[in-house]
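Heads up: the structure comes next, in structure tokens.
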Amino acid sequence: MRCRALSCYKQSLPEAAQTILTLDAGSSSVRTVLFDAQGRRVDGFGTQLAYALDTTPDGGVQIDPDRLADLCIQALSAACVQLRHANMRPAAVACDTFWHSILGLASDGRPATPLLHLLDTRSESSAAQLRQRIDNRAQHARTGCVLHPSYPPSKLLWLKETQPDAFRRVTRWMSIGEYLFRKLFGDAMCSTSMISASGFWDQNRNDYDDELISVVGVRRSQFPNPAAMDRPLSQLSPQYKESLSELDGIPWYPALGDGACDNLGSGCVSPENLALMVGTTGAMRAVFTREQIDIPAGLWCYRVDRHRAVLGGAISSGGEVFAWMKQTLKLPEPAETERQIAAMSPGAHGLTMLPYFAGERSTGWRSDARAAIAGMGVATMPIDILRAALESVALQFRNIYNLMLSSVPKPDRIIASGGALLHSPAWTSMMADALSRPVLACLEPEATARGAALYALEKMGVIEDISAVPPRTGQTYQPVEAHWAVYSEELRRQRVLYHRLFEEK
């Protein structure tokens, strides 16, 4: 009945009104973007509100859930003012947020804990405890997540041990997207995409992993009911009906994971195109439909929805490496820096670098790993260190890529998105050389938000399939065959250094 009603609503709209307002809640800003029925951004609409996560000396990365939810509501309210002035009403609201966030809600409806971010490392010892109590390989094969501080299981065990009173008060564990929906609708609606990256979800069964829930000491009843997930909501709570009037009574789709949306928005909806995203962090991902998923060790696997899986690897130090270098080294102005690194030959710096400024996720998953540079001499210049750093990040993606080829065919191309990468053609060329595959630049400035909008358009039947609405693309960076041997030698030295620093203990 719901699908038929939604179809009638869609057909009653003029084509110009078949727009989707996307709320994109990232790790450093909240933004709204308006897209038309072809996945094109509508100029003159949308807003962006920057914020900073709270950090603590012991590795905490968190934020007050109400503060972040209120920022989302502010951004939505500003978008409504713009829509009101244009006498427009979108067809639906799509949402995406960062994966792996977790907060606990008490019985009074108030947060009992802060929202813990994926980069919070305080649960490192708890992750080690879980690895002693659970077969990490077996549970990874089921959940697609390793026992690592990035994921909620270790965070919840840490809360249980360090904040027992708050832990006991929790009646429901949820992501920031669910908490926002609870504030707006009174119902903490969750998507399969979001719960699939929690570490508690069996990817092949599309249900919770009972062993992990039991060992952590939480209950199934504290998580969303699988049978009730993925439903759009439409009737806002009375307190928001006026300020968000343009968005009341239309479908709001539960928040998807930002990584899944980046794949959808950049045109990587099948294994023929791999997504390569480098923003503050970085990831390489493939989306596919398969009844049974075999998850390679070293990679993760989550879901876009009940039918589509997303497999890949992530690094904590992507564009952040470039930013750290610019802040710390005496580099020339950006255009000159780009010219100089583009003019350098691969490996000419003679350095070996491990770019683990924020620990390692894929493929070794060592949260205790730290950045290192070997081979510096009196002739080493800042530009040498920068070039070595960017090459080292490219080689991290080669490690991920090699593992992915055990599960997906060699892609026709790799589609790159993310401002950190696309602002540097020289770095994109390094990626093509390190991976020995063509890298196509995605010119969609809001690929993640676009992916959420396309998902909503597909669910509503406005488009038959997301693949029918390709993204805007730009230059293709072809790999230079002669550079393959240089990067292979760099990767060998990198692995030797990694082994000596982190495995010979």
- [ ] Counting other Cβ atoms within 10 Å, keep those with at most 16, restrict to DSSP loop, and tell me which GluC sites (Glu not before Pro) in the stretch 397-489 are left.
- [x] GLU464
TODO: Using only Cα atoms, find the angle between the long axis of helix 124-133 and the longest principal axis of the chain, and express it within 0 to 90 degrees, rounded to the nearest 10.
DONE: 80 degrees
- [ ] List nothing, just return the count: lysine pairs in the chain, 8 or more apart or interchain, with Cα separation under 27 Å.
- [x] 9
TODO: Compute the length gained on full extension between GLN132 and GLU272: take 0.36 nm times their separation in residues and subtract their Cα-Cα distance, giving the result in nm to one decimal.
DONE: 46.5 nm
Task: Estimated distance in nm for a label pair at ARG205 and ALA482, the labels positioned 7 Å out from Cα along Cα-to-Cβ - done: 5.6 nm
Task: Rg/Rh ratio calculated on Cα atoms of the stretch 63-156 (Kirkwood radius) - done: 1.15
Open item on the list: Quick check on the chain: what does the Kirkwood estimate of hydrodynamic radius come out to from the alpha carbon pairs, in Å?
Closed with: 23.4 Å
Open item on the list: Between LYS241 and LEU443, what's the calculated FRET efficiency when r is the beta-carbon distance and R0 is 25 Å? Round to 0.05.
Closed with: 0.05
Open item on the list: Test of understanding: extend the Cα→C-beta vector of SER467 to 7 Å, then name every residue of the stretch 238-281 with backbone N under 19 Å from that spot.
Closed with: 260-276
- [ ] For the chain, find the longest principal axis of its Cα atoms and tell me its angle to the long axis of helix 176-185, 0 to 90°, nearest 10.
- [x] 20 degrees
TODO: Relative to the longest principal axis of the C-alpha atoms of the chain, give the angle of the C-alpha long axis of helix 319-328, reported between 0 and 90° and rounded to the nearest 10°.
DONE: 60 degrees
Task: Tail beyond 17 Å, pair distance distribution of the stretch 209-333 (Cα, percent) - done: 73 percent
- [ ] For SER29, enumerate residues with amide H under 5 Å from its amide H, sequence gap 5+ or separate chain, H modeled in the peptide plane.
- [x] TYR51
Task: Charge dipole magnitude, Cβ of K and R +1, D and E -1 - the stretch 275-328, Cα centre, debye nearest 20 - done: 120 debye
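Read the figures in this text as sums done on the coordinates, not as results from a lab. Being a predicted model, the structure only gives us computed values, none of them experimental. Counting neighbours? That spans all protein chains shown, and the Cβs are built from the backbone with ideal geometry, glycine included.
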